[in-house]
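As structure tokens, the structure follows; a few thoughts come after it.
The values are calculated or read from the model by the stated rules, or taken from the named source; none is laboratory data. Because the structure is predicted, anything quoted here is derived from the model rather than measured. All Cβ positions, even for glycine, are placed from backbone atoms using ideal geometry, and neighbour counts span all protein chains on display.
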Amino acid sequence: MKERHSKRSVHGPHDRETRPVSVVTGGAGFLGPHLCDFLLEQGHRVVCLDNLITGNVQNIEHLAGNDAFRFIKHDVTEYIYLPGAVDYIFHFASPASPIDYLELPIQTLKVGALGTHKALGLARAKRAAFLLASTSEVYGDPLVHPQNESYWGNVNPIGPRGVYDEAKRYAEAITMAYHRFHGVNTKIVRIFNTYGPRMRPNDGRVVPTFIVQCLRNKPITLFGDGGQTRSFCYVADLIRGIYLMSRSKQDGPVNLGNPDEMSIAEFAMKIRELTGSRSEIVYKPLPVDDPKVRRPDITKAKDVLGWKPEIGLEEGLARTIEYFRSQQGDPAPAPAHKRRSNQRDASA
Ligand code: UDP
């Protein structure tokens with residue numbers, strides 16, 4: 001299902017462009033590279049913007065030499081200049097794991113606020129469709145279960161997670177303001193826990209953490225009593241949903257995630273079983289404001305996009321475990337903000 005298009009490309013006037021041009025902010029993170037791959041397969045030209053503070057060029061190095069792909073190292077909280085036509089903007093730039101946004105609180109707030117403003121400004125200038133990668137965190141520690149799009153959430157604005165939750169809530173608000181006031185063609189997806197290859201082994205999220213601990217037969221760090229629940233979606237399913245959303249006429253938020261819910265304690269057992277690990281469980285304090293339950297109501301995604309996840313947990317985890325196994329002994333370099341703090345530590 002390749003799209004045809006007549007606009008000129010950001011790749012230069014010599015290029016007789018017939019393909020849609022997509023910009024992916026945060027394109028070198030976890031989800032961004034999967035989206036870049038998918039868009040290229042659909043015949044798009046792709047411009048990937050990333051400042052690499054939590055992203056990693058290793059995640060896009062397989063695209064080097066692809067004429068339809070271009071990487072620009074850029075912090076999207078600064079003015080974004082791109083010549084030529086742009087058809088779609090996928091705004092994914094943000095620290096997204098709890099330990100990243102706790103270590104980068106100001107950058108997290110800035111990219112949600114200033115970065116979303118710049119990306120929307122680009123969409124308006126180029127008359128491009130704009131898709132915001134929002135999050136289930138906008139529901140906070142939810143009092144409604146499962147969460148549907150009409151729930152307004154239960155967020156602590158001044159807690160440590162508030163920097164991410166409120167940044168994304170602001171991002172949703174300014175996206176709707178650009179839609180209503182400037183007529184920008186916007187879409188918002190609320191992404192629930194997603195996992196798969198290209199997560200950083202040390203990003204602190206539960207999937208890479210438990211898999212790496214199990215592969216090394218190290219203790220599994222279970223936070224709280226492990227009774228809190230999550231529902232995990234495999235990355236390929238999510239990217240398909242995002243693509244469908246980008247082509248839909250839906251401007252409001254749509255949940256994307258897998259409604260198959262389990263406790264984190266059960267999840268730890270599942271990873272231990274699938275990796276054949278001897279790891280023991282160690283209990284650690286539950287992080288502040290850690291949501292007690294989370295499960296998406298995906299009725300809207302089914303109705304308006306005809307989308308639902310197709311890859312079951314065991315299959316998705318098998319692929320992800322295989323990825324981390326192949327990375328063992330070849331760990332991805334630390335993200336830029338960690339390298340800087342290591343250098344500071346080393347020079348202190
Ligand atoms: N968690 C855990 N051990 C870890 C990392 C996370 O028990 O080493 C728990 C965490 O407290 C949360 C769940 O796993 O309840 C999912 O955490 P994650 O950081 O992946 O994302 P969240 O869903 O909280 O945004």
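Counting only strands (runs of 3 or more DSSP E) that sit wholly inside region 249-300, those with at least 2 residues that are farther than 25 Å from Arg190 by Cα and more than 19 Å from the chain's Cα centre (by Cα) are 281-284.
Of all residues in region 119-142, at least one satisfies being out of contact with any strand residue (DSSP E or B) (no Cβ under 7 Å at 6 or more places or on another chain), closer than 23 Å to Asp251 by Cβ and among the small types (Gly, Ala, Ser). For region 48-97, the set of residues classified as of a type in the set (Phe, Trp, Tyr) and either within 15 Å of Leu114 (Cβ to Cβ) or surrounded by fewer than 21 Cβ atoms within 10 Å (Cβ to Cβ) (or both) consists of Phe71, Tyr79, Tyr81, listed by residue number.
Can you give me the ranges of the helices (runs of 4 or more DSSP H) entirely in region 68-185 with at least 2 residues that are farther than 30 Å from Gln42 by Cα?
Working: elements: 98-103, 105-110, 116-126, 162-182.
Hits in region 68-185: 98-103, 105-110, 162-182.
For Ser246, the stated conditions do not hold, so it cannot be described as within 14 Å of the ligand (Cβ to nearest atom) and either modelled with pLDDT under 95 or among the hydroxyl-bearing types (Ser, Thr, Tyr) (or both). When region 228-243 is filtered for residues that are within 10 Å of the ligand (Cβ to nearest atom) and either β-branched (Val, Ile, Thr) or without any contact (Cβ under 8 Å) to a residue 60 or more places away in the chain (or both), only Thr229 remains.
Checked against the criterion of being within 11 Å of the ligand (Cβ to nearest atom), basic (Lys, Arg) and on the phi < 0 side of the Ramachandran plot, region 196-210 contains one or more residues that satisfy it.
Among residues of region 248-275 that are over 16 Å from Ser150 (Cα atoms), those with a beta-carbon under 7 Å from a residue that is of a type in the set (Gly, Ala, Ser) and more than 13 Å from the ligand (Cβ to nearest atom) at least six positions away or on a different chain give the pairs Leu274/Ala318.
Each row is one residue, and each column tells you yes or no for (1) more than 18 Å from Arg205 (Cα to Cα); (2) touching a Pro at 6+ places or on another chain (Cβ under 7 Å); (3) at pLDDT 95 or above.
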position: Val254; (1), (2), (3): yes, no, yes
position: Asn258; (1), (2), (3): no, yes, yes
position: Phe267; (1), (2), (3): no, no, yes
position: Arg278; (1), (2), (3): yes, no, yes
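Within region 28-82, the residues that satisfy the criterion of being of a type in the set (Val, Ile, Thr) and touching a residue at least 60 places away in the same chain (Cβ under 8 Å) are Ile53, Thr54.
Within region 105-123, the set of residues being under 14 Å from Phe90 (Cβ atoms) and of a type in the set (Gly, Ala, Ser) comprises Gly115, Ala119, Ala123. Only residues that are more than 19 Å from the chain's Cα centre (by Cα), among the basic types (Lys, Arg) and crowded, with 22+ Cβ neighbours inside 10 Å were counted in region 191-246, giving 0.
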